[in-house]
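Notes to accompany the following structure.
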Amino acid sequence: MQNRRAVVVGAGVAGLASAIVLSNLGWRVALLERRERLKGDDLGMILWASGVRALRALGVDATLDASGTPVDRFEIRSEERLSSSFSAALLGADDGTPSVMIHNAMLYEALVSRLGDSVQVFPATQVDRIDMVDLAAGDASRRWDADLVVAADGIDSPTRPLIAPGSPTVDAGVVVFRGIIPAHRAPERTTDAVEIYGPDRRRFGYGDLGHAGACWWATVPGGMRPESPQIQHELINRWFADWPDPVGKFIAATRPSELTQQPVRYVWPVPVRLHQPVGNGGIALMGDAAHGVAPILAQGASLALEDAVTLGWALRRSPESVPDALASFDRARLARVKRVARLSRRVHTIASGGRGVTRGLLRAVPDSWVQNQAASLSDWQPPR
């Protein structure tokens, strides 16, 4: 793979992980990022055991390098009662790998620190051209020729329609608000990670970030709110005023300036392929650009890391042929991606039911079924 050139479009989790993999294989990598700085988001998230394994394969320890906090217990609740509770040991399968709550910015810093010397970063670069004849990517004034283009340009990827035109981005009709609370203001938590389902498509979850404090997320129907952060904070207080503790305490401990909001969208149906051969090279879709799943199961970061590790395996497996390697990548990823996407969409549909529907289903679904589904999402191992 010496002297081969790769262009990675997008410096999110998928793009950074892909650049690390390619650099480790001896590729020269141009990492193109539309933002002016490489910087993670100020939000917390769950990295499942599968993602922790993928991160380890990249040479990053989720707890030591990225300051992740192991999750010992997950809970799923309705407003009234505990519906399911299971230990993280179940999700770690036989090797005992933990799932972790992690601050996105810390994960980002850990990945950036692993970029090799052969990775050249081009910030403030908005890629708007992919040459499908003489493989290259570029913006209005520059062009980067490549043997491989990795499109890790997010859920609104302009590259995905070129490869999988039948897989559009779908608006879920809800918005998620997020908050990070410093440790000195964080409310007391009774468990490591909780998701509470309520009426009218409302959900509230929170997690323990250890020394970094705590994080929470709240999903409500509708579109992006144009009001000031102060008004948004008041609205969230109103929407969740009658929910049980510690929901109100998390909202009260959050300053309006610490709020973020984001529309919830996903890719459906899943692309029938994740790559396109171009001459002796090709294009690969990675992360949300490939399969942005309904975020209700918080699988996005883990799937992105799995993608990158699998790409590295495929390139090592077929070192002389990029098209053959990408075909292997497709075969290795599609079944996994489809399974996660279908389950995520199914759970999203359940959580979007009318008043009483979600509550009734949470009561009816056996605890063992929830545990088995959660374990199946975390059972991925790096290919060998």
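Brief remarks follow.
- Converting phi to 3J(HN,Hα) with the Karplus coefficients 6.51, -1.76 and 1.60 and the offset θ = phi - 60°, segment 98-105 yields x, 8, 9, 8, 9, 7, 4, 5 Hz in sequence order, with x at every glycine or proline.
- Peptides 196-204, 34-42 ordered by packing proxy, namely the average of other Cβ atoms within 10 Å per residue, highest first: 196-204, 34-42.
- Short-range pairs are left out: with C-alpha atoms under 8 Å and at least six residues apart, the relative contact order of the chain is 22 percent.
- Shown in residue order for segment 67-75 are the 3J(HN,Hα) couplings computed by the Karplus curve 6.51 cos²θ - 1.76 cosθ + 1.60 at θ = phi - 60°: 6, x, 10, x, 9, 8, 8, 10, 10 Hz (x for Gly and Pro).
- Highest-first arrangement of 95-103, 63-71, where packing means the average Cβ count within 10 Å: 95-103, 63-71
- Solvent-accessible area per residue in segment 272-345 equals 32 Å², computed with a 1.4 angstrom probe and all protein chains kept.
- Listed values for segment 190-205 are Karplus-derived 3J(HN,Hα) couplings in whole Hz (6.51 cos²θ - 1.76 cosθ + 1.60, θ = phi - 60°), namely 8, 8, 7, 8, 9, 10, 10, 9, x, x, 6, 6, 8, 9, 9, x, and x replaces Gly and Pro.
- Peptides 294-301, 106-113, 260-267, 228-235 ranked from most to least packed by the mean count of surrounding Cβ atoms within 10 Å: 294-301, 106-113, 260-267, 228-235.
- Dipole of the chain [Lys/Arg +1, Asp/Glu -1 at C-beta], most positive-end residue of Ser228, Val100, Ala290: Ala290
- Values of log10 I(q)/I(0) for segment 174-328 across q = 0.09, 0.13, 0.15 Å⁻¹ run -0.43, -0.72, -0.84, by the Debye formula with one identical scatterer at each alpha carbon and no solvent.
- Summed residue charge, Cβ within 12 Å of His275's Cβ, Lys/Arg positive, Asp/Glu negative: +1
- When you restrict to C-alpha pairs under 8 Å that are six or more residues apart and normalise by the size of segment 153-312, the relative contact order lands at 31 percent.
- Choice from Val150, Val272, Val60 with maximal GNM fluctuation in the chain (Cα, 10 Å cutoff): Val272
- Share, in percent, of DSSP beta bridges within the chain that are antiparallel, nearest 5: 70 percent
- Calculated diffusion of the chain, Stokes-Einstein form, Kirkwood radius summed over Cα pairs, 4 °C and 1.567 mPa s, µm²/s: 61 µm²/s
- Working note: 222 nm ellipticity from helices only, DSSP H runs with n ≥ 4, each -39,500 (n - 2.57), summed and divided by the residues of the chain, gives -10000 deg cm²/dmol to the nearest 500.
- Rounded FRET efficiency, nearest 0.05, which uses the C-beta distance separating Ser321 from Asp145 and R0 of 25 Å: 0.85
- The relative contact order of segment 267-319, computed from alpha carbon pairs under 8 Å that lie at least 6 residues apart in sequence, is 28 percent.
- Within the accessible area of segment 92-190, the carbon and sulfur atoms contribute 51%, probe 1.4 Å, all protein chains present.
- Formal net charge of residues neighbouring Ile163 (Cβ-Cβ distance under 13 Å; K, R +1; D, E -1): 0
The values are calculated or read from the model by the stated rules, or taken from the named source; none is laboratory data. Note that this is a predicted model, so its numbers are computed, not measured. Note that we place each Cβ from the backbone using ideal geometry, even for glycine, and neighbour counts take in every protein chain shown. For the accessible areas, the whole protein counts, side chains as well, though only heavy atoms, and no ligand, DNA or RNA atoms are used. Shrake-Rupley method; radii C 1.70, N 1.55, O 1.52, S 1.80 Å.
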